[in-house]
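Worksheet for the structure shown next.
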Amino acid sequence: MTSKILFEDIIKSFEVFLMLHPKTYPLILSLENHCSIPYQQVMVAQLKSILGKKLYEPDEASLSGPLPTPSQLRGMVVLKGRRPEGATDDYDTDDDAAADDMTDQQSMRTERSSNTMRAPNSMKIAPELAKITLFHGTKFKSWQESTQSFTYHMHSFSESRVRSLCKHNQTNQWIQYNQTHMSRTFPSGKRVDSSNYSPILAWSTGCQMVALNYQTPDDPLRINDGRFRENGEQGYVLKPSSLMMNADIEPRAALLEVKILSGSCLPKPGGLSHGECIDPYITISLFDCHDGKELVSVQTTNTVMNNGFAPIWNFEDSFHFQVQNMCVAVMQFTVWDKNPSPKPDDFIANASVPISCMRHGIRSVQLFDANNTRSGAFDFASLLVLVKFEHSQAEI
């Protein structure tokens, strides 16, 4: 949520970022466009004058084959919107999230009403804007139709639709579609508190863009932060090989044993420099999925009293987890400060580590504050953990 911002100022911020990071992977700008034709022409003029050669303009020859790779688009801004001229009926927007969250009967009534009231020219697109747009958002009808469409056609799904498609055993078809096309998912319109949904299920289908509410630092956003930290926070992570194969391959599974050995320089709540010593304990959460369903497993250590500088936990306590999908599963370590009841415990720090990045042996886990940053009192905060793997399937 934000107040009114000039379109020109937004594009200038892109230009500044690209000037500071000329080798960055492509920035994808999704246009939720409700402007008239004259204003769309102004948008095109501003995009071209501000970004210049940094704006990717697809040619007709490149649209008939595979999509360009991120490496080919380094330092570029790519537009998502409406590509074909005169596209009206099949274009999707984030407003469709409301329909996704309705029952089928409610959705049909709303669609009939909107079709009756829609003005003939309400969804027109300026040819100048269509020409510089790469990704054309289309409404999902069937996987067969979607797979046969142009590769620059893409779908957007609300979180409710993601669960529904996976629930009805359409995961494999979605994986196949995402090998040649793009999918984007976004939070339900019912999340008026700007909370987030777990990105794990969407990742398991190969969705490339899993949008979250970045203004809310909750567990799903920390999971997302941990996933993309594995590639130096470049904003892009290479897909697992199992999601790029034509064969129906069972996700790689494993048995995981974790011991929390000790902590170091654990700060006080909020990174404060004053206050009493904390009484830390750790919750270890595994976010996973299997057969189109999200799985969450949580285990907790004992509490170490009055020691945030160098707490040591009981070495005899081992925590065992059954990982169903190593490609997308994420383990989250959260440090809490124990408070007397009924006062809720205070959040101290957190670390989210993709299972695919965890290694056998004694490992140091860097901790981050509530906003996924590591500075000030959190500069040296860490946990020492023992990790043991028992793979139940060979790596592909």
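The values are calculated or read from the model by the stated rules, or taken from the named source; none is laboratory data. The structure presented is a predicted model; accordingly, all values stated were derived computationally and were not measured. Neighbour counts are summed over all protein chains in view; Cβ atoms, including those assigned to glycine, are modelled from backbone coordinates with ideal geometry. These accessible areas exclude ligands, DNA and RNA; they are computed on the full protein's heavy atoms, side chains included. Shrake-Rupley method; radii C 1.70, N 1.55, O 1.52, S 1.80 Å.
General observations
- Selected residue [of a type outside the set (A, V, I, L, M, F, W, C) and modelled with pLDDT of 95 or more] from Arg229, Arg222, Arg191: Arg222
- Selection of the range 25-54 for residues being within 24 Å of the chain's Cα centre (by Cα) and at pLDDT 95 or above yields Tyr25, Pro26, Leu27, Ile28, Leu29.
- Segments classed as strands (runs of 3 or more DSSP E), wholly inside the range 121-226, with at least 3 members that are open to solvent by less than 50 Å² (accessible area, probe 1.4 Å) and touching a residue at least 60 places away in the same chain (Cβ under 8 Å): 153-158, 182-186
One line per residue, one yes/no per condition, for (1) of a type in the set (Val, Ile, Thr); (2) more than 28 Å from the chain's Cα centre (by Cα); (3) within 20 Å of Ala370 (Cβ to Cβ):
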{"position": "Lys259", "(1), (2), (3)": "no, yes, no"}
{"position": "Gly270", "(1), (2), (3)": "no, no, yes"}
{"position": "Ser273", "(1), (2), (3)": "no, yes, yes"}
{"position": "Ile284", "(1), (2), (3)": "yes, no, yes"}
{"position": "Phe287", "(1), (2), (3)": "no, no, yes"}
{"position": "Thr300", "(1), (2), (3)": "yes, no, yes"}
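- Residues that are within 15 Å of Leu79 (Cα to Cα), open to solvent by less than 60 Å² (accessible area, probe 1.4 Å) and either of a type in the set (Val, Ile, Thr) or touching a residue at least 60 places away in the same chain (Cβ under 8 Å) (or both) within the range 11-40 comprise Ile11, Phe14, Tyr25, Ile28, Ser30, Leu31, Asn33, Gln40, listed in sequence order.
- The single residue among Leu79, Leu63, Leu29 that is under 24 Å from Ser149 (Cα atoms) and part of a helix (DSSP H, G or I) turns out to be Leu63.
- Any hit, the range 237-247, residues being in contact with a Ser or Thr (Cβ under 9 Å, 6 or more places away or on another chain) and either exposed (fewer than 15 other Cβ atoms within 10 Å of the Cβ) or not in a strand (DSSP E or B) (or both): yes
- Counted as qualifying within the range 259-371 are the strands (runs of 3 or more DSSP E) with 2 or more residues that are of a type in the set (Gly, Ala, Ser), namely 346-354, 361-366.
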